[in-house]
Amino acid sequence: MSADCVFCSIVDGDIPARTVHETDDVLAFLDANPLARGHTLVIPKSHAQHVKDLDDGLASDLFAVVTELTPRVQSTVGADGANVGINDGEAAGQEVPHVHVHIIPRFEGDGGAPLHAVGGERPDLSDDELDAVAEDVTAAIDG
Ligand code: AMP
């Protein structure tokens, strides 16, 4: 629980939400300002601001609910697809500082865009530079 966190207040029942699913550690509710019918947010009940703050177990529990809910939300609203994503950090557009996975149903011809549209100007990276990035990330994980 974090003071002044709107999603912690929803978990605690201090702010109302349209809950659609709940487990011991995860809560899913409708976005109050939906981008599409059925736009759903899936959050860990315990406060975590960024993806990196989720421990392995909680990350698995969160994603399990996302994979369970996505097709059900889609079929409920008759969607043809869905964008599933996280704005992680202010630079990425995160406004509520409590990790939340957006499930945004998508409909043929709805005028929306793919996740690729969230990026800024594309970098022009050579094969060598891409190789170096891949090596650096691998080293950061494997140590
Ligand atoms: P983000 O930019 O990823 O942090 O998105 C935050 C999302 O939370 C937005 O889509 C808001 O519409 C949604 N939101 C903010 N407050 C509430 C609330 N009290 N209940 C439901 N959704 C909310």
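Each reported figure results from applying straightforward, stated rules to the coordinates on display, with no laboratory input. Treat the numbers as computed from the prediction; the structure is a model and nothing was measured. So basically every Cβ, Gly included, is an ideal-geometry build from the backbone, and we count neighbours across all protein chains shown.
Determine whether the stretch 85-95 contains at least one residue that is within 20 Å of the chain's Cα centre (by Cα) and farther than 30 Å from Asp12 by Cβ.
Checked against the condition, which is being within 20 Å of the chain's Cα centre (by Cα) and farther than 30 Å from Asp12 by Cβ, the stretch 85-95 yields no hits at all.
Can you tell me which residue within the stretch 4-26, out of those that are small (Gly, Ala, Ser) and assigned to a loop (DSSP other than H, G, I, E, B), is surrounded by the fewest Cβ atoms within 10 Å (Cβ to Cβ)?
Residue satisfying both the conditions and the ranking: Gly13.
Out of all the residues in the stretch 27-60, which are free of Cβ contacts under 8 Å to residues at least 40 places away in the same chain and crowded, with 18+ Cβ neighbours inside 10 Å?
Leu27, Phe29, Lys45
What is the residue count in the stretch 59-108 for residues that are of a type outside the set (Ser, Thr, Tyr), under 27 Å from Ser2 (Cα atoms) and not in a loop (DSSP other than H, G, I, E, B)?
Final tally of qualifying residues: 17.
Taking the stretch 64-100 on its own, how many of its residues are buried (at least 19 other Cβ atoms within 10 Å of the Cβ) and either within 9 Å of the ligand (Cβ to nearest atom) or at positive phi (or both)?
Number satisfying all stated conditions: 2.
Just checking, which of Asp53, Asp110 is closer than 30 Å to Thr23 by Cα and not hydrophobic (A, V, I, L, M, F, W, C)?
Going through Asp53, Asp110 in turn, the sole match is Asp53.
When both residues are 6+ apart or on different chains and their Cβ atoms are under 8 Å apart, which pairs have a first residue that lies in the stretch 65-79 and is farther than 13 Å from Leu30 by Cα, and a second that is of a type in the set (Ser, Thr, Tyr) and surrounded by 14 or more Cβ atoms within 10 Å (Cβ to Cβ)?
Once the first residue is farther than 13 Å from Leu30 by Cα and sits in the stretch 65-79, no partner that is of a type in the set (Ser, Thr, Tyr) and surrounded by 14 or more Cβ atoms within 10 Å (Cβ to Cβ) comes close enough.
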